[in-house]
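S.K.: To start, I am sharing the structure in question, which I have written as structure tokens.
The values are calculated or read from the model by the stated rules, or taken from the named source; none is laboratory data. A quick note: this is a predicted structure, and the numbers were derived from the prediction, not measured. In this analysis, Cβ positions are derived from the backbone assuming ideal geometry, glycine residues included, and neighbour counts consider all displayed protein chains.
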Amino acid sequence: MEEVMVVGGGPAGLCAAIESARYGVKVILIDENDMPGGQLFKQIHRFFGSAQHRAGIRGYDIGNSLLSESEKLGVRVLLNTVVWGIFQDNFLGIKTEKETKILQAKKIVVGTGALENPLAFPGWTLPGVMGAGAAQTMMNIQRVLPGKRILMIGSGNVGLIVSYQLLQAGAKVVALVEALPKISGYLVHAAKISRAGVQILTSHTIVKADGKGEVKKAVIAKIDENFKMIKGTEKEIKVDLVCIAVGLRPLDELCWMAGCQFTYIPSLGGFIPLHSRDMETTVSGIYVAGDVSGIEEASTAIEEGKLAGIAIAESLGYISKKEAEEKKELSWESLRELRLGSFGEGRQKTKDLILKQYNSLHKM
Amino acid sequence: MNFPKSTDVIIIGGGLVGCSVGYQLAKRGRDVIILEMRNLASGASGRNGGMVTQLDGRDKNKEAILNRLNYTRENNKMLAGLAEELSYDFEYNRCGGIDIACSEEEWEYFKKLVPFQKEVGDEEVILVDKQQLKDLCSLLSDIVWGARYRPTDGTLNPFKLNIGFALAAKKYKAKVFTETKIEKIVIKHGTAIGVETNNGYIQANLIINAANAWAPLLIPEIDILPLRQVAVVTERIPELPVYSFEAIIDRQVIFGSTQQKSGNLLVGGLGTQARKREDHYKEDLSPYEIEGSTAIFNILFKGLGDVNIIRSWAGTMAFTADGLPCIGPIPQIQGLYIVAGFSNGMAFAPIIGKLVAEDLTQGKPSITLKPFNPERFYNKKISWPDSYNYTVLAEFLERK
Amino acid sequence: MKDLRIKKHPILGEAKFGKKITIFVDGKKFSAYEGEMIASALYAKGIRKLRATSKFKEPRGIFCAIGRCTDCVMTVNGVPNIRTCITPVQSGMRVKTQKGLGKWKK
Amino acid sequence: MKKKIFTQDYYKNFPGYPSKERLAKARVVVIECVQDIPCNPCETICPRKAIVVGKPITNLPRLIEENCTGCGRCIPICPGLAVFVVNNNYNDKESTISLPYEFLPLPEKGEEVIALNREGEKVCRAKVISVLDPEKNNRTAVITIAVPKEYSGEVRGIRLIRKNP
């Protein structure tokens, strides 16, 4: 039996692996891609936070430093490997390029991340309509410009940041539409793209994307306070790419399969596996960290991964309870900081709620 | 919808049989409530390939063959017009069905079985050799020797058929309550008077137990056996001309396979042996079961080795000692009726619903339900082996 | 002919593309760089339609780019439903625009 | 007409914005950070404690005007690219503005560019005074431009005149 298997090599999974390996736990990290790092390597902007959160450092630099740390600590990494199931008694089904295998681990960390929400409108299935994250992958990882003239939908941080990155890659962002009457992401991100000439149109929506075989244009229009389109305000714009940035949802299939109990919290992305302060789910020995435990940011994913890693090292007897508590306290403190302010307090509240529900189950 | 206090008929179980009986009774003017402990089609009805096989099994028992054909033929006739009747498309496809011989021994047996079946009255059955079989279903590998082929068999979408019946029942004012678990059937002075549920008590004139594998948990006098099966589902592939089949691999693994209208292939069969009776109700799979079912795919199909498995499930079938369901009033208890113990409800349930409703409203079904009389098992505890599978079951049935 | 590859980037610097290789797209020779995913190599040259849906023959292309949505599937070396956004190109690879559910080898 | 969201009037009410007097005096940092984001690299990097965030970390950065020398180290470190340095004492007619820049191509020293306001609209022409090598600041360049004095509160971006090669 393996000691720990971590599913997903993004910030959460990497940090869980690093943190438990730091205390001597033998860790296997599994990732479907040919390189770990998850979505970190397409984050080319600088992170917010404090020095402890690696603020001011770009996502891919954080990715690189996590990779070299995990390498130094002897984390075994299985790449191009799919986990196709988690079963009773911590069995995992994996598929490499060559074979299918069934493994068992004392502890499993699910750090599978998230998936972008789609948005349906006439023409949304045309080639040339894609998720904002997809555009980000295309330009920052694949180094292919996803479009030359772009309409961005959604003014959350993803919509704003990806708009900025599209500009950096050499595209023109013709407009950014937001159905709400105000910008929902950070104003500093909005200001960045605004002074670079992007029109941010609040109380606006996309009416349709159009073109023969692929996107050639889009129609946008104003909407009223009930989100109804105001007739006569339709405007056709020439674009070759429409990007959708309307939120994410956890990639939680493995947790469902493992039998974890869930709660429904729309603001965190939908169904969220209940988990303890140590990030353990209702299935003993299965942990979650990062977006799969509620949509937040890479910096929170890092801390949650750490927590899971420390808790695992503790429960496998590699560190004392006292030492573990001290280490965990640092991460909890760090998470509390990241969940401060008008953007964070809502997340703190819902995370507290998850904990409360988890605890009430475990008191029974 | 408020939870009712009383009704005319309570049907326990929102599976295909429960909804089919509920529809037919409601249509005949009875006041029906269907109670389901989980959701519609959560049991075997939603965990099968929708295989409409008029005659499965390979025994040469003339009586059993005729008994079965009697109902399944009528069922096939009914299926033809059912979508229209229910105003609901349940993707019925009379694509034909095959029972594949995977060894020379089986093939030799088929050469005798098929003429026998023809002789006793199954006129449609055809023996096809390897080449003909490959013409029918080109993706099959060289493991096949030939098959028994019946062109009027087919597939349907079991969820949709189940839901089609439920919706049609609702049109006739039947009420359906899901997430409603029956704690017990209340019997007073030899009469069933109501059911205790997690949502409250309901009084009724007639209680029908249509809980299939779960039926004996409420009426222990009638022994019905749960049998756990597993299945895997592939991604969509183009439509295969003939697709609904059974095969026995390595003489033990019996399994069926169908293609849904959406294109997904489904392969199902026995999972690993359950140790105890209650283990047969377990609906989670072990990774080995998924591997095993997937391996069967690779044995049977050439060129489909790269197809992706996208889903899997385990479900609980029901078996009785003679392979036939239990349908009829429970002896010595007034107002309690059972319609359970179906091992292949897809080929049966629609017509059975009709016959049961005729029985209960007119006192005489258009085809007799006598062969299914529950009396034949009443209070006969069968000492099944703790761990049993198809092979054991077949041996048991043979000894009988 | 246009090429949407980003050679210079203010943050990521100069791109390091792999060895130039030849693949076949719907039977025609096509250049790509080792390490690229099939979908993005095609996209770079303006090929955005990767398949047609089975019922309405509608075009589909890249949507999620991380292998989750399966909108970008094509027939690769005779095998249908390959997620081209996460499948790297290989020299000599045969990529086909997939019609509907594709064709499985007999 | 489009409603302007980002204006000097809006920003000047926040604690990172220097007073009129301080702005008139000499080179000083202008922090256009207006939301309670948990973030403090500007505080950490400042060698003279001219920027204070303190606890909680969501406090808006507060400028201690008298401590600031306008050195500009905080410009490229800000994840929101919300820090600028304005020097209204550059010469009689012109002020300079130092701003973060993360696009290609980079302008060159002495090049004439178009100065933009916070909404990306052209304000005037500007001359590039200096370009700080982006490699030195983890790929964020700091560009200093000179504009007519009256525009120093308005100009926050640039656009190159030359066509992309």
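S.K.: For the structure I just gave you, tell me whether B:Gly121 is out of contact with any strand residue (DSSP E or B) (no Cβ under 6 Å at 6 or more places or on another chain), within 22 Å of B:Leu16 (Cα to Cα) and either surrounded by fewer than 19 Cβ atoms within 10 Å (Cβ to Cβ) or without any contact (Cβ under 8 Å) to a residue 24 or more places away in the chain (or both).
M.R.: no
S.K.: Is it true that A:Leu92 is touching a residue at least 40 places away in the same chain (Cβ under 8 Å) and either more than 14 Å from chain C (Cβ to nearest Cβ) or assigned to a strand (DSSP E or B) (or both)? Steps first, please.
M.R.: Numbers: touching a residue at least 40 places away in the same chain (Cβ under 8 Å): yes; either more than 14 Å from chain C (Cβ to nearest Cβ) or assigned to a strand (DSSP E or B) (or both): yes.
Yes.
Listed here are the residues, each with its yes/no results for (1) acidic (Asp, Glu); (2) buried (at least 21 other Cβ atoms within 10 Å of the Cβ); (3) in contact with a Ser or Thr (Cβ under 9 Å, 6 or more places away or on another chain).
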residue: B:Ile11; (1), (2), (3): no, yes, no
residue: B:Ile33; (1), (2), (3): no, yes, yes
residue: B:Ser45; (1), (2), (3): no, yes, no
residue: B:Thr53; (1), (2), (3): no, yes, yes
residue: B:Glu63; (1), (2), (3): yes, no, no
residue: B:Glu74; (1), (2), (3): yes, no, yes
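S.K.: Continuing with the same structure: Condition first: closer than 20 Å to B:Pro350 by Cα and of a type in the set (A, V, I, L, M, F, W, C). Now tell me which residues in region B:316-330 satisfy that.
M.R.: B:Met317, B:Ala318, B:Phe319, B:Leu324, B:Cys326, B:Ile327
S.K.: Can you name every residue in region B:45-71 that is under 26 Å from B:Ala314 (Cα atoms) and either basic (Lys, Arg) or in a helix (DSSP H, G or I) (or both)? Full working, then the answer.
M.R.: Restricting attention to region B:45-71, the residues satisfying the condition of being under 26 Å from B:Ala314 (Cα atoms) are B:45-58.
Across region B:45-71, the qualifying residues are B:Ser45, B:Gly46, B:Arg47, B:Arg58.
S.K.: Sticking with this one: Identify, by number, the condition in (1) in contact with a helix residue (DSSP H, G or I) (Cβ under 8 Å, 6 or more places away or on another chain); (2) more than 18 Å from A:Phe48 (Cα to Cα); (3) within 14 Å of chain D (Cβ to nearest Cβ); (4) among the polar types (S, T, N, Q) that A:Gln168 doesn't meet.
M.R.: (1)
S.K.: Kindly check whether there is at least one residue in region B:85-95 that is surrounded by fewer than 18 Cβ atoms within 10 Å (Cβ to Cβ) and in a helix (DSSP H, G or I).
M.R.: Of region B:85-95, the ones surrounded by fewer than 18 Cβ atoms within 10 Å (Cβ to Cβ) are B:85, B:87-89, B:91, B:94.
Keeping just the survivors that are in a helix (DSSP H, G or I) gives B:85.
Among the residues of region B:85-95, at least one is surrounded by fewer than 18 Cβ atoms within 10 Å (Cβ to Cβ) and in a helix (DSSP H, G or I), which makes the answer yes.
S.K.: For region B:353-361, check the following and say yes or no: at least one residue is on the phi < 0 side of the Ramachandran plot, of a type in the set (A, V, I, L, M, F, W, C) and in a loop (DSSP other than H, G, I, E, B). Walk me through how you get there before you give the answer.
M.R.: Looking only at region B:353-361, we keep the residues that are on the phi < 0 side of the Ramachandran plot, and these are B:353-361.
Right, trim to of a type in the set (A, V, I, L, M, F, W, C) and you get B:355-357, B:360.
From the residues that got through so far, the ones that are in a loop (DSSP other than H, G, I, E, B) too are none.
Within region B:353-361, not a single residue is on the phi < 0 side of the Ramachandran plot, of a type in the set (A, V, I, L, M, F, W, C) and in a loop (DSSP other than H, G, I, E, B).
S.K.: Picking from D:Arg125, D:Arg139, which residue would you name as being within 14 Å of another protein chain (Cβ to nearest Cβ), surrounded by fewer than 22 Cβ atoms within 10 Å (Cβ to Cβ) and either assigned to a strand (DSSP E or B) or basic (Lys, Arg) (or both)?
M.R.: Of the residues listed, the single one that is within 14 Å of another protein chain (Cβ to nearest Cβ), surrounded by fewer than 22 Cβ atoms within 10 Å (Cβ to Cβ) and either assigned to a strand (DSSP E or B) or basic (Lys, Arg) (or both) is D:Arg139.
S.K.: Go through the residues of region A:49-61 one by one and say whether even a single one is in a strand (DSSP E or B), within 11 Å of another protein chain (Cβ to nearest Cβ) and in contact with a helix residue (DSSP H, G or I) (Cβ under 6 Å, 6 or more places away or on another chain).
M.R.: Looking only at region A:49-61, we keep the residues that are in a strand (DSSP E or B), and these are A:58.
In the following step, the residues that additionally are within 11 Å of another protein chain (Cβ to nearest Cβ) were identified as A:58.
Filter once more, keeping what is in contact with a helix residue (DSSP H, G or I) (Cβ under 6 Å, 6 or more places away or on another chain): none.
Within region A:49-61 (the criterion being in a strand (DSSP E or B), within 11 Å of another protein chain (Cβ to nearest Cβ) and in contact with a helix residue (DSSP H, G or I) (Cβ under 6 Å, 6 or more places away or on another chain)), the answer is no, since none of the residues qualifies.
S.K.: When A:Asn33 is evaluated against the numbered criteria (1) away from chain D (no Cβ under 14 Å); (2) part of a loop (DSSP other than H, G, I, E, B); (3) modelled with pLDDT of 95 or more, which criterion, by number, is the only one it fails?
M.R.: (3)
S.K.: Okay, moving on. Scanning region C:5-29 for residues that are within 14 Å of chain A (Cβ to nearest Cβ) and of a type in the set (Lys, Arg), which turns out surrounded by the most Cβ atoms within 10 Å (Cβ to Cβ)?
M.R.: Restricting attention to region C:5-29, the residues satisfying the condition of being within 14 Å of chain A (Cβ to nearest Cβ) are C:5-18.
If we keep only those that are of a type in the set (Lys, Arg) as well, we get C:5, C:7-8, C:16.
Working: C:Arg5: 19, C:Lys7: 10, C:Lys8: 12, C:Lys16: 8.
Among them, the one singled out is C:Arg5.
S.K.: Filter region A:171-189 down to residues that are in a helix (DSSP H, G or I) and over 20 Å from A:Met139 (Cβ atoms) and give me whichever is farthest from the other protein chains (Cβ to nearest Cβ).
M.R.: As a first pass, look at region A:171-189 and keep what is in a helix (DSSP H, G or I): A:187-189.
Of the ones still in play, those that are also over 20 Å from A:Met139 (Cβ atoms) are A:187-188.
On the way: A:Leu187: 6, A:Val188: 3 Å.
Among residues in region A:171-189 that are in a helix (DSSP H, G or I) and over 20 Å from A:Met139 (Cβ atoms), the one farthest from the other protein chains (Cβ to nearest Cβ) is A:Leu187.
S.K.: Considering C:Lys57, C:Lys49, C:Lys105, C:Lys2, which residue is in contact (Cβ under 8 Å) with a residue 12 or more places away in the chain, more than 18 Å from A:Gln136 (Cα to Cα), exposed (fewer than 15 other Cβ atoms within 10 Å of the Cβ) and at the interface with another protein chain (Cβ under 7 Å from one of its Cβ atoms)?
M.R.: The match here is C:Lys105.
S.K.: Which condition does A:Asn80 not pass, out of (1) touching a residue at least 12 places away in the same chain (Cβ under 8 Å); (2) more than 22 Å from A:Ala17 (Cα to Cα); (3) more than 8 Å from chain C (Cβ to nearest Cβ); (4) surrounded by fewer than 24 Cβ atoms within 10 Å (Cβ to Cβ), if it passes all the others?
M.R.: Every listed condition holds for A:Asn80 apart from (2).
S.K.: Same structure, new question: Name the single residue, out of those in region B:262-292 being more than 19 Å from the chain's Cα centre (by Cα), assigned to a loop (DSSP other than H, G, I, E, B) and surrounded by 16 or more Cβ atoms within 10 Å (Cβ to Cβ), that is modelled with the lowest pLDDT.
M.R.: B:Ala274
S.K.: May I ask you to verify whether D:Gly70 is surrounded by fewer than 22 Cβ atoms within 10 Å (Cβ to Cβ), within 14 Å of the chain's Cα centre (by Cα) and of a type in the set (Gly, Ala, Ser)?
M.R.: Values: surrounded by fewer than 22 Cβ atoms within 10 Å (Cβ to Cβ): yes; within 14 Å of the chain's Cα centre (by Cα): yes; of a type in the set (Gly, Ala, Ser): yes.
The answer is yes for D:Gly70.
S.K.: Suppose the filter is aliphatic (A, V, I, L, M) and free of Cβ contacts under 8 Å to residues at least 60 places away in the same chain; does B:Ala295 pass it?
M.R.: Values: aliphatic (A, V, I, L, M): yes; free of Cβ contacts under 8 Å to residues at least 60 places away in the same chain: yes.
Considered against the rule, which asks whether it is aliphatic (A, V, I, L, M) and free of Cβ contacts under 8 Å to residues at least 60 places away in the same chain, B:Ala295 comes out as yes.
S.K.: Can I ask one more? Determine whether region B:178-193 contains at least one residue that is surrounded by 15 or more Cβ atoms within 10 Å (Cβ to Cβ), part of a strand (DSSP E or B) and of a type in the set (Ser, Thr, Tyr).
M.R.: No, that holds for no residue.
S.K.: When you look at A:Ile206, is it of a type outside the set (Asp, Glu), more than 8 Å from chain D (Cβ to nearest Cβ) and buried (at least 22 other Cβ atoms within 10 Å of the Cβ), yes or no?
M.R.: Details: of a type outside the set (Asp, Glu): yes; more than 8 Å from chain D (Cβ to nearest Cβ): yes; buried (at least 22 other Cβ atoms within 10 Å of the Cβ): yes.
Against the criterion (of a type outside the set (Asp, Glu), more than 8 Å from chain D (Cβ to nearest Cβ) and buried (at least 22 other Cβ atoms within 10 Å of the Cβ)), A:Ile206 qualifies.
S.K.: Given the residues A:Gly213, A:Gly232, A:Gly159, which is the only one that is away from chain D (no Cβ under 12 Å) and assigned to a helix (DSSP H, G or I)? Quick ask: steps written out before the conclusion?
M.R.: Details: A:Gly213 fails: assigned to a helix (DSSP H, G or I); A:Gly232 fails: assigned to a helix (DSSP H, G or I).
Step by step, each of A:Gly213, A:Gly232, A:Gly159 is checked, and only A:Gly159 is away from chain D (no Cβ under 12 Å) and assigned to a helix (DSSP H, G or I).
S.K.: When you go through C:Ala65, C:Ala32, C:Ala41 one by one, which is the residue that is part of a strand (DSSP E or B) and crowded, with 22+ Cβ neighbours inside 10 Å?
M.R.: Working: C:Ala65 fails: part of a strand (DSSP E or B); C:Ala41 fails: part of a strand (DSSP E or B).
The conditions single out C:Ala32.
S.K.: When you check A:Met130 against the structure, is it within 11 Å of chain C (Cβ to nearest Cβ), surrounded by 23 or more Cβ atoms within 10 Å (Cβ to Cβ) and part of a strand (DSSP E or B), yes or no? Spell out the reasoning first.
M.R.: Working: within 11 Å of chain C (Cβ to nearest Cβ): yes; surrounded by 23 or more Cβ atoms within 10 Å (Cβ to Cβ): yes; part of a strand (DSSP E or B): yes.
Spelling it out, A:Met130 is indeed within 11 Å of chain C (Cβ to nearest Cβ), surrounded by 23 or more Cβ atoms within 10 Å (Cβ to Cβ) and part of a strand (DSSP E or B).
S.K.: How many residues are small (Gly, Ala, Ser) and either within 15 Å of the chain's Cα centre (by Cα) or part of a helix (DSSP H, G or I) (or both) when one looks only at region D:23-67?
M.R.: Of the residues in region D:23-67, the ones small (Gly, Ala, Ser) are D:24, D:26, D:50, D:54.
Next, from what is left, pick out any that are either within 15 Å of the chain's Cα centre (by Cα) or part of a helix (DSSP H, G or I) (or both): D:24, D:26.
Matching residues across region D:23-67 total 2.
S.K.: Now, a different point. I'm told B:Glu221 meets every condition in (1) assigned to a loop (DSSP other than H, G, I, E, B); (2) under 26 Å from B:Lys282 (Cα atoms); (3) without any contact (Cβ under 8 Å) to a residue 60 or more places away in the chain except one. Can you identify the failing condition by its number?
M.R.: Checking B:Glu221 against (1) assigned to a loop (DSSP other than H, G, I, E, B); (2) under 26 Å from B:Lys282 (Cα atoms); (3) without any contact (Cβ under 8 Å) to a residue 60 or more places away in the chain, the one that fails is (3).
S.K.: Say we look at region C:83-95 and pick out the residues that are buried (at least 21 other Cβ atoms within 10 Å of the Cβ) and either in a strand (DSSP E or B) or not hydrophobic (A, V, I, L, M, F, W, C) (or both); which of these is farthest from the other protein chains (Cβ to nearest Cβ)?
M.R.: Result: C:Val95.
S.K.: Considering only residues that are in contact with an Asp or Glu (Cβ under 8 Å, 6 or more places away or on another chain) and farther than 20 Å from B:Ile310 by Cβ, look in region A:95-112 and name the one that is surrounded by the most Cβ atoms within 10 Å (Cβ to Cβ).
M.R.: It comes out as A:Lys107.
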